[in-house]
Amino acid sequence: MARWEQFLRGYGERRTLNELDLAAVPLFVAIRHIWLLGLHTGNGRDWGYGWMGDRYFDRSLKFLKTWEKKRLASLLPKPRRRSATKSKAAP
């Protein structure tokens, strides 16, 4: 995280970033990763497909799933727990 903090400090010397801009950064991490997957697969004819095996896609999906747990879980509403003493509705 030191690089990110150094980047923000240096960037902040030239321009200011508001909180909304900073809050959007994690979303663009996932968007970039999905874009990169499309770039790689879309250019497979030119760059070759050999390196895009199961390992490549497994790692990419693992990255996105981990990102989702870290970043989106806090934004989504918590599921409500059903009360054990809740009575059934009359027919």
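Only the coordinates and a few stated rules stand behind these numbers; no lab work does. Model, not experiment: these values are computed from the prediction. Glycine gets a Cβ as well: all are built from the backbone with ideal geometry, and neighbour counts include every protein chain shown.
Numbers at a glance
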{"quantity": "Selection within region 35-66 - aromatic (F, W, Y) and either part of a helix (DSSP H, G or I) or surrounded by 11 or more Cβ atoms within 10 Å (Cβ to Cβ) (or both)", "calculated": "W35, W47, Y49, Y56, F57, F63"}
{"quantity": "Candidate set from region 14-30 (those that are within 15 Å of L75 (Cβ to Cβ) and among the aliphatic types (A, V, I, L, M)); member that is nearest to the chain's Cα centre (by Cα)", "calculated": "A30"}
